[in-house]
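Visitor: Take this structure, written in structure tokens, and hold onto it; I'll ask about it next.
Nothing in this text is a laboratory measurement; each read-out follows from the coordinates by a stated rule. Note that the structure is a prediction, hence the values are computed from the model and not measured. Quick reminder, even Gly has a Cβ in these numbers, built from the backbone with ideal geometry, and neighbours come from all protein chains shown.
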Amino acid sequence: MSRAAENEKKGGITRNRVRVVLAVIFGVFALVVAAGVTIGFKTRQEVVLSGKTMGTTYHIKAVVTGKMSADHLQRLVDDRLAAINRSMSIFDPESEISAFNRASTGETVAISAGFEEVMREGRRIFDLTQGAWDATVGPLVDLWGFGLKKKPDVYPDATAIETALFRVGFSEIVLEDGTLTKKRDGISLDLGSIAKGYGVDALAQLLSRKGIENYLVEVGGEVYAHGHRMDGKPWRVGISSPERGAVSGELFQVRTLSGQALATSGDYRNYVEMNGRIWTHVIDPRNGRPVENGVSSASVEADSTLFADGLATALMVMGAEKGLALVNELPGVECLLIVRSPGGGLTVHASKGWVSSSQ
């Protein structure tokens, strides 16, 4: 064999070996990809979780990487929510809030750090809104038929309202060093207007601690979004139409959120009509009567779902003019108020920084 032929043969062998090596490399690469781990980065997937809590439901969408177990994440979420219920559920006789509600005047009740956080934020909202939000409003809610008691056949009279008002007053609660004390008999707490927001924030913090950067958390309609969706687009959240009798799921406006909370309160689902007159479940804790200011829906965007949840309730009570004036003074907080006219038409009132985003 000539030297040229021998070199050609060696070259062919070398080229064949290169082809074999490349085939092996790409074959291994394909197996690794099929196994769920790619070279240089980890695979991403969207995990969807849901369940029941606080008398309502929750939903979570999270973009996770690597071998994050959806079942494990579900257990962590349910355990966190169970702990919140053990602390702040009025339906659990062994909860911290139930212990406070049973306590007599002057009796000190120890509370957990989460409960204390909710109470301190509640105190802030109570002060900011001059009492338009008040977590002791339960006796009035019962009186007007929106609590656990049967709805009345007639409007409560002035004497009944004054009697119930005597058992209302967030300022009658002393919060100090992880304890609560009531200054007057009959004072009780119901954190239903703020606890869902706290639950959303607690789950968002849980996901962040697990290294998850892109997620959407919703509890009973209150929402917090962080990062973006699986496809890289921003999270989109709808505000329901406040028309009485509107089809469930019908949207009035769509918002895009990232690093923000959105909470909405409304009067269009829970109300009573009697002799041609309507009263809603939104009770003014200062005068003891259902509000009649025309506000049908109040949506609040803020950094904290806990704060947004409580403030949305307060804005329903305050009315459009005073509510907008307050929100326009709060940094990082925006709102949309939808007001129903006597003729049934709707008008929109937005804070200075609220920009419609329906894209």
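Visitor: For K233 and A70, calculate 0.36 nm times their separation in residues minus their Cα-Cα distance, and state this gained length in nm to one decimal. Display every interim value, and only then the final one.
Guide: On the way: separation 163, 0.36 × 163 = 58.68 nm, distance 2.25 nm.
Gain in length upon complete extension: 56.4 nm.
Visitor: Calculate the FRET efficiency for T181 and T43 from the Cβ-Cβ distance with a Förster distance of 56 Å, rounded to the nearest 0.05.
Guide: Details: r = 53 Å, r/R0 = 0.95.
FRET efficiency, T181 to T43: 0.55.
Visitor: Using DSSP to define loop residues, name the chymotrypsin sites (Phe, Trp or Tyr not before Pro) in the range 53-142 whose beta-carbon has at most 13 other beta-carbon atoms within 10 Å.
Guide: Sites meeting the loop and neighbour criteria: F91.
Visitor: Full extension from S171 to T108: what is 0.36 nm times the residue separation minus their Cα-Cα distance, to one decimal in nm?
Guide: Working: separation 63, 0.36 × 63 = 22.68 nm, distance 1.59 nm.
Additional length available on full extension: 21.1 nm.
Visitor: If r is the Cβ-Cβ distance from L330 to V254 and R0 is 22 Å, what FRET efficiency results, to the nearest 0.05?
Guide: Values: r = 24 Å, r/R0 = 1.07.
Efficiency for this residue pair is about 0.40.
Visitor: Continuing with the same structure: Below 10 angstrom from the Cβ of A225, what's the summed charge of the other residues (Lys, Arg +1; Asp, Glu -1)? Spell out each step's value before the answer.
Guide: Details: positive: K61, R229, R236, R255; negative: E218.
Result for the local shell: +3.
Visitor: Which entries of K52/K233; K61/K233; K52/K196; K322/K352; K52/K182 have Cα-Cα distances beyond 21 Å here?
Guide: Details: K52/K233 28 Å; K61/K233 14 Å; K52/K196 12 Å; K322/K352 14 Å; K52/K182 32 Å.
Where the Cα-Cα span goes over 21 Å, the pairs concerned are K52/K233; K52/K182.
Visitor: Going by C-beta contacts inside 10 Å, put E334, E172, E250 in order with the fewest on the left.
Guide: On the way: E334 21, E172 16, E250 11.
Fewest to most other Cβ atoms nearby, the residues stand as E250, E172, E334.
Visitor: Take Y224, Y155 and order them by how many other Cβ atoms sit within 10 Å, fewest up front. Don't skip to the end; give the middle numbers.
Guide: Values: Y224 30, Y155 15.
Fewest-to-most ranking of Y224, Y155: Y155, Y224.
Visitor: Report, ordered by chain and residue number, the aspartates and glutamates lying within cross-link reach of K210, taken as a straight Cα distance under 19 Å and ignoring same-chain residues fewer than 8 apart.
Guide: Within reach: E46, D71, D78, D79, D201, E218.
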